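None of the figures in this text is laboratory data; all of them are computed from the coordinates on show. Being a predicted model, the structure only gives us computed values, none of them experimental. Please note: Cβ atoms are built from the backbone with ideal geometry, for glycine as well, and neighbour counts cover all protein chains shown.
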Amino acid sequence: MSTKTSAPTQTAADQAVSKFLEYTHASTAAYFDACVHCGECAEACHFYLSTKNPIYTPIYKLQPMLKAYKRHKAPLSSIKRLFGLVPEQITKQELEEWSPLVYDSCNMCGRCTLACPMGIDIAFTIRKMREGFVAADIVPGDLRQSEKNALETGSPMRVQAKALQAQVRAQEKDCGIAIELDKKGADYLVILSSMEIMGYPEVIGSLAKIFKEAGIDWTISTKAYEATNVGIQIGSWDTARTLVQRVVDEAEHLGVKYVISPECGHAYSALRWQGPNLIGRSYDFEVIHIIELLHQLTTEGRLQMKSKNGRRLTLHDPCQIVRRGGLVKEPRALLNDVADHFEEMQGAGITNFCCGGGGGVSANSRAAKLQASAFECKMQQFNDIDGLELIVTPCANCRTVLEDGLEEHDSPLEVIGLSELLAQHLDHRQT
Amino acid sequence: MGHKTFSHAKLTLNSNQLSQGIAGVFLFMAAFLMLGSLVFPTNAKASSVRPPANATINALPENSSPQPAPKATGGFVPGNTLGNRSQTSFWKSVRDGAIGTRDTMQAFPSPLIQSQGQDWRYLRNNYISRYGGWLLIGVTGLIALFYLIRGRIKIKSGRSGAVIPRFSLTQRVVHWFTAVLFILLSISGLILLFGKHLFIPLIGKTAFGVVASASMQSHNLFGPLFIIATLTMFFVFLKGNGFKLVDLKWALKGGGFFGGHASSHRYNFGEKAWFWWAIILGITLSLSGLILEFPWLVGTNMWPLLAGLAHGGAALLMIAFAIGHIYIGTVGMEGSLEGMTRGSVDENWAREHHDLWYQEHNKEATGDHPPAKAQAATSKG
Amino acid sequence: MTFLEFVEGPAWYVAITIFTIGVLWRFLGIIAIGRRTDMSAPKGSASAGFVKAIFRHFLPRTIFAERTRVHILGGYSFHLGLFILLFFAAPHVVFIKAHILGFGWPALPRWAFIIAAQAAFAGLILLWVRRICDPVMRQISDWDDHVGTILTFLVMLTGCLALQESVEALRALHMLFVNIWLIYFPFSRLMHAFTFILSRGYTGATYGHRGIVP
Ligand code: HEM
Ligand code: SF4
Ligand code: SF4
C-alpha cells in the first residue's frame, strides 16, 4: 500500500488499513470474496430486525475492512486496479463514521452466520476489524476506559484484590464453608468476572456449596481472579494477550490441573478458544467451563439434586458459550434436573437471540439506545412464553443486560445464574 | 438513527439511476437484437451442429424469387401433380366448411380443410396491426402532450421526510417480476407483429428472419412465466382494488390531473382500472397464448385463429395502458416510484394523492425507513 | 474466418484460458494468504467441520424463513436450472464433446430444456428484482452485482434465442456473450460459485474445532 505519511489524519487511516490487512486471513478473504450481497444475514441480526434500518445489515458493518482487502490484498486486484476498479482509499473520517456500526451495533454473537448461505463468520471478522480501529484510536471512550482499568488493576471495573477478599469472607460466613485463597496444588482454579464479584457474590457461595458436595479441591487466586477480557471486546490483540497471560501465569504458578471459566460468555471464548492463540502456545492445564464441570459431576453422580423448581422458567443461551462455544446440551441437561416447567423459547439453542449486550456493547454507553432497541427481539421471545416466571442464564453479563432490559419494560420476570439455581436444589448428603 | 448522513450511501443506487438502468438494459437488448441481425446478415444459414428441427420451413433458399405460376388451362393445373384438375365446386364446399370424416385422430366429423386463415390474415394485418400501431403511437403522443402541458406532477407541499409503508416486499417483488417479463414479451411480441414493416425495409428479409426467429423463441420461453406472474399479481394486489363510489367522483374530476383535488383510498380509480385491465387482459393473453403454443389443446382449427386475434388485440390494449402506467410511475409523478422500490412513500405524497388511505395510515409514518412495527400496515392493505 | 468461427475459435480459447487461470489464481490466492493454526485444545474435528459446513449451508434454517423464502425459491430455481442447461442442453453436450472433453453424454429432450430454461430465467429475474426493491439488498449491492446478473441474463437469453438452432448469427451472439462472461467471471462476485467452498469450509473448520458446526 502507498504510505503517505504527510498528514497525521492519513496516518491513522493507514494504520487501520495495515491492521485490516494483517488480520485478513484466508478465511476472511474467502468471506469477502464469497459474499453474494443477498442480505440474508440482516434477517438474523437483532439490530436490523428491531430498527429495520438497512445500515445494520451485518455484512455492511464490515465495509471498511472489505474495501481495504479489495484495494490492497485480494487476488487479481492488481489487474482490476489497472482499470480503476478497486475501492477508494479509506479515510479517517470514514472510519469515524463507521465506529458506531463496528462497536455499537454488533455483539459478535454470530447469529448472522447461521442465516448466511455462504456461512460467513461476520462476528469473528468484526473482532478482527476492531483491531484496525484500535490502531487508529477510533474507539468508544468507555471501552478505552475499561481497557485502561483492566490493564492497571486487573479488572475492567477496578475491583481490587481487597474487595474480592471481603466478598469471599462474607460468602464464607453466609454458607458456612471455608474458602482457601491462593492454594498451591489445588485441582481447580476458579476465576470470576468483576460483575459476579461485585453484583452477584452469591455465586461464590453457591460454588463453595457445590464443590464441597462433589468433593472438589479448588481455590481462588488474589492475583488473577478476573476472567473477563476487554481486549477481546475492544479488539486489541496486545491487551487480550496480556490479560490471558495473567491467568495462565497464575494457574501454572499454582500448579492447578484445571481453570474453571465462570458464567461469562466472552471470558470462556477468551481463555478457552482465543487464549492459546494469543499467547502462542497451549496451556499446561485444561480450561473447563463451569457448566461443563457441573454436567460432568451430575452425570458421574457426584452431585445430586433433591428438589425441583416449580416455577415456569426458560434458558437464555449466551452466544459465546452456546452458539460459538459448543455447549448446547449441557445447560439443558442441568436445567431439566432441577426444573419442573422448563420451557424453551423460540429459536432456543444455537439460533437463540443475543441479549443485545455482548461484544462490549453493554459497556459502551454510546450504544445504550441501540442496545435497548435490540433488546426488543429478546423481549419478544420472553413474551411468547405463557406464564413465564424465571429466566436462567449461565452468563453474568447476559444477566445484568436482561435485568436492565426487563426493568425498562416494567416486567416482573426474574433472572438467575445457572450454578446459583443448581446450588439451591443440591441434595446435601454429607450435611 | 444518527447514521442517516453516511457519505458512503453512494454505494447504492437511487431510484433515478435505477429506472435509467432498467430502461438501459432493455434498450440495450433491443439494440443488440437489431445489431445482431445487421452485423451477420449473410451468415444466416443452417447450423453446423445439427439440422434445424423444422428444416423444411427454414430451408427456403435466399433470393429464390418465386417462379411465376404457370397458367392453368381449361381447369387443368400444369405439371404432373396429383389432383391437377381444379374443381370449383370442391373448393366452394371447402369455403363453406364442409364436414368430413377421417380414420385417425378424431372420432367425430369435422372440417378437414378450412379457409378461415384467409380471413384471419385479413383481420390481423388490416385491423390489429394497423389500428394497434396507431393506438400505440396515439397513446405515446397523448402522454407526450400531457407532459408538455402539465409537466411532472410534483409533491405540492414538498417532501416531509417522513415515510409511510405502502407496498410489502412480496408485492414489490411480484410487481417487478411481472413487469420485467411483460417488457421482454412486449419487445419480442411487437417485433413479431410489426417487425416485417419496420425491419425488412431496413435490414432485409434474411436478417429479419433472424430477428423474428429470436423473438419467437424468447416470446415462447417467457410467456408461460408471465402466466404465473399474472396470477400471482392478481392475488397479491387484489386487496383494495375493488371499485367504490369515491372512484366515480375521482373519475369525474379527471383524477385531479388537470387541477383540483380528487380523493382516493389506497388506489385511485386509474390504478384500479389498470389493475383490472392488466388482470383481465393478462388472462386473455395467457389463455390465447396457451392455445397458440399448444393448438392441440383445443379441438377445431377455428380456435387458434381466434386466439391469435385475441392475443394480438389484448397485447396492444395492454401495452397502450402500460405506457401510461410506466409514465405516471416514473417521470410523470414525483414520489411514486419509491413506493415500488423502497416500499414506502413520503407522507405528503400520500396526503396529496391518496388522502383517505393516508388518514388511515398516517400513524405509521416514521423517519427515513420503515420500522419493524410498520410492517403490519402493508399487509393490512 | 466468419464471426462464428472467431467466437468459437480463438476468442473462445482466450476466454476459457483467462477463466481457468483467473479462477485458479483467485481460489489458490485466497488459500495462499494462509491462516493461523488454532492452538487451543480441540473439542471436535476441524476437517470434519469444514466438510459438514459446506453441506449444512445448502439447507436454510426455517427460523429465518421470512426473508429467505424468495431467495430459496429464486436461488434454487435459478442455480439448478442453470446447471441443467449448462451440462445437459443438447448443443452444450455437443460443444463439450467437440471443444473440451472429447466425449459427451446423453442430453435433455427439448421440452426438458425449455422447462429448465424457464426455471433459470424465473429464478434470475426474481433474484434481480429483489435486489432492486429490497432496502437491505440495495444498501449492500454494487455495480458488480448488477453487471454479473445482466451478463448472465444475456448469456442465457442469447442461448435461448438461438434455440431454433438454424441461424449462425444467433449462435455466434451467444458464444460472444459466453466469452465475455467467462472473462468477467474470475474478477467478479460470480466467483462465489467456487469460493463458497472456502467460506463455508473455513467457518466449519473454526467451529468444528470447537465441537459445533453452525
Ligand atoms: C417498468 C415499468 C413499470 C413501472 C415503472 C411501474 C411502476 C409502478 C409504480 C410506481 C406503482 C405504484 C403506484 C402506487 O404507488 O400506487 C405500480 C403499481 C402497480 N403496477 Fe406497475 N410499473 C411498471 C410496469 C407494470 C406492469 C407491466 C404491470 C402489469 C403487468 C404493472 C402492474 C401494476 C399493478 C397491478 C400495480 C398496483 C397498483 C394498482 O393496482 O394499480 N406494472 N407500478
Ligand atoms: S454477530 Fe450478531 S450482532 Fe453482530 S452482526 Fe451478526 S447477528 Fe448482528
Ligand atoms: S447473508 Fe452472507 S452472503 Fe448474504 S449478504 Fe450477508 S454475509 Fe453476504
If you average the C-alpha positions of segment B:139-180 and of segment A:19-48 separately, how far apart do those two centres end up, in angstrom?
36 Å
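Among A:THR125, C:THR17, C:THR62, which comes first, then next, by fewest other beta-carbon atoms within 10 Å? Don't skip to the answer; put the middle values down first.
Values: A:THR125 26, C:THR17 12, C:THR62 8.
If I rank by nearby Cβ atoms, fewest first, I get C:THR62, C:THR17, A:THR125.
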Would you list which aspartates and glutamates come within 16 Å of A:LYS70, measuring only between C-alpha atoms, while excluding same-chain residues fewer than 8 positions from it?
A:ASP14, A:GLU22, A:ASP33, A:GLU88, C:ASP142, C:ASP144, C:ASP145
Report, as an integer, the average count of C-beta atoms from other chains found within 10 Å of each Cβ along C:201-210.
6
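Summing -39500 (n - 2.57) over the DSSP H runs of n ≥ 4 in chain C and dividing by its residue number, what mean residue ellipticity at 222 nm do you reach, to the nearest 500 deg cm²/dmol?
Working: 10 runs with 155 residues, N = 214.
Rounded to the nearest 500, it is -24000 deg cm²/dmol.
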Please compute the contact order of chain A in relative form: average sequence separation of alpha-carbon pairs under 8 Å and at least six residues apart, divided by the residue count, as a percent.
16 percent
Debye log10 I(q)/I(0) for chain A, one point scatterer per Cα, at q = 0.09, 0.10, 0.13, 0.14 Å⁻¹
-0.57, -0.70, -1.14, -1.29
For C:MET39, distant residues with modelled amide H under 5 Å away:
A:ASN277
Could you tell me which residue out of C:HIS146, A:GLY358, A:PRO54 lies farthest along the dipole of the protein assembly as shown toward its positive end? Charges go on the beta carbon: Lys and Arg +1, Asp and Glu -1, centred on the Cα centre.
C:HIS146
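Once you sort the root eigenvalues of the Cα gyration tensor of chain C as a ≥ b ≥ c, which label holds: rounded (a/c under 1.5), prolate (a/b larger than b/c) or oblate (the other case)? Show your work: numbers first, answer last.
Values: a/c = 2.02, a/b = 1.59, b/c = 1.27.
Verdict is prolate for chain C.
Please go through segment A:270-307 and write out the GluC sites (Glu not before Pro) that DSSP classes as loop and that have at most 14 other C-beta atoms within 10 Å. Before the final figure, lay out the partial values.
Working: sites: A:GLU286, A:GLU292, A:GLU300; in loops: A:GLU300.
Passing sites in segment A:270-307 are A:GLU300.
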For segment A:63-74, in residue order, the Karplus 3J(HN,Hα) values (coefficients 6.51, -1.76, 1.60; θ = phi - 60°; whole Hz; Gly and Pro = x) are 3, x, 5, 4, 5, 4, 4, 5, 7, 10, 10, 4
Relative to the first principal axis of the alpha-carbon coordinates of chain A, what is the inclination of helix A:368-383, with its axis defined by its Cα atoms, in degrees from 0 to 90 and to the nearest 10?
50 degrees
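Mind giving me the FRET efficiency for B:LEU356 and A:ASP284? R0 is 56 Å, r the Cβ-Cβ distance, nearest 0.05 is fine. Mind showing how you got there, number by number?
Values: r = 76 Å, r/R0 = 1.36.
It comes out at approximately 0.15.
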State whether segment A:142-297 is rounded, prolate or oblate according to the following rule on the C-alpha gyration tensor (a ≥ b ≥ c being the square roots of its eigenvalues): a/c under 1.5 gives rounded; otherwise a/b larger than b/c gives prolate, and the remaining case gives oblate.
oblate
Degrees between helix A:141-153 axis and first principal axis of chain A (Cα, 0 to 90, nearest 10)
50 degrees
For B:LYS244, which lysines qualify as cross-link partners when the Cα separation must be under 25 Å and same-chain residues fewer than eight apart are set aside?
B:LYS253, B:LYS272, B:LYS363, B:LYS380
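Provide the gained length on full extension for the span A:ARG158 to A:LYS306, in nm with one decimal, where the gain is 0.36 nm per separating residue minus the Cα-Cα distance.
Working: separation 148, 0.36 × 148 = 53.28 nm, distance 3.88 nm.
49.4 nm is the gain from fully extending A:ARG158 to A:LYS306.
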Label-reachable residues, segment C:126-164, where backbone N falls under 17 Å from a point 7 Å from A:GLU88's Cα toward its Cβ:
C:142-143
Summing -39500 (n - 2.57) over every DSSP H run of at least 4 in chain A, dividing by its residue total and rounding to the nearest 500, the 222 nm mean residue ellipticity is -13500 deg cm²/dmol
Backbone N within segment B:180-197 under 15 Å of label point (7 Å from B:ASN220 Cα along the Cβ vector)
B:189, B:192
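Eigenvalues of the Cα gyration tensor times 5, then square-rooted: what semi-axes does that give for segment A:229-382, in whole angstrom, largest first?
Numbers: eigenvalues 162, 121, 22 Å².
Its equivalent ellipsoid spans semi-axes of 28, 25, 11 Å.
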Simple SL model, points at 7 angstrom along Cα→Cβ for A:ASP384 and A:ALA368; separation in nm is 3.0 nm
Just the number, please: percent antiparallel of the DSSP beta bridges in the protein assembly as shown, rounded to the nearest 5.
30 percent
Could you give the size of the charge dipole of the protein assembly as shown about its Cα centre, using +1 on the Cβ of each K and R and -1 on the Cβ of each D and E, expressed in debye and rounded to the nearest 20?
3180 debye
Tally Lys/Arg at +1 and Asp/Glu at -1 over every other residue whose Cβ is under 13 Å from the Cβ of A:LEU388; what's the total?
-3
Separation of the B:GLU293 and C:ARG36 label points, Cα + 7 Å toward Cβ, nm:
5.8 nm
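Give the order of A:ARG324, C:ARG36, C:ARG131 when sorted by the count of other beta carbons within 10 angstrom, beginning with the fewest.
Working: A:ARG324 28, C:ARG36 10, C:ARG131 22.
Ascending Cβ contact count within 10 Å gives the list C:ARG36, C:ARG131, A:ARG324.
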Computed label-point distance, nm, for sites B:ALA162 and A:ASP427 using a 7 Å Cα→Cβ extension:
6.3 nm
Counting other beta carbons within 10 Å of each Cβ, put C:PHE194, C:PHE185 in order, fewest first.
C:PHE194, C:PHE185
Sorted by chain and number, the residues with a modelled amide H under 5 Å from that of A:VAL259, at a separation of 5 or more or across chains, are A:LEU189, A:GLU286, A:VAL287, A:ILE288
Net charge near A:GLU300 (other residues with Cβ under 13 Å of its Cβ; Lys, Arg +1; Asp, Glu -1) is -1
What are the aspartates and glutamates whose alpha-carbon lies under 18 Å from the alpha-carbon of C:LYS52, with same-chain residues fewer than 8 places away excluded?
A:ASP121
Within 10 Å of each Cβ of C:152-158, how many other protein chain Cβ atoms are there on average?
3
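Might you report the magnitude of the Cβ-based charge dipole of chain A about its Cα centre, with Lys and Arg at +1 and Asp and Glu at -1, to the nearest 20 debye? Before the final figure, lay out each step's value.
Values: 45 positive and 53 negative charges, 265 e Å.
Roughly 1280 debye for chain A.
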What FRET efficiency comes out for A:ASP249 versus A:GLN296 if R0 is 35 angstrom and r is the Cβ-Cβ distance? Round to the nearest 0.05.
0.85
Rounded to the nearest 0.05, FRET efficiency between C:SER47 and A:ALA166 (Cβ-Cβ, R0 60 Å) equals 0.75
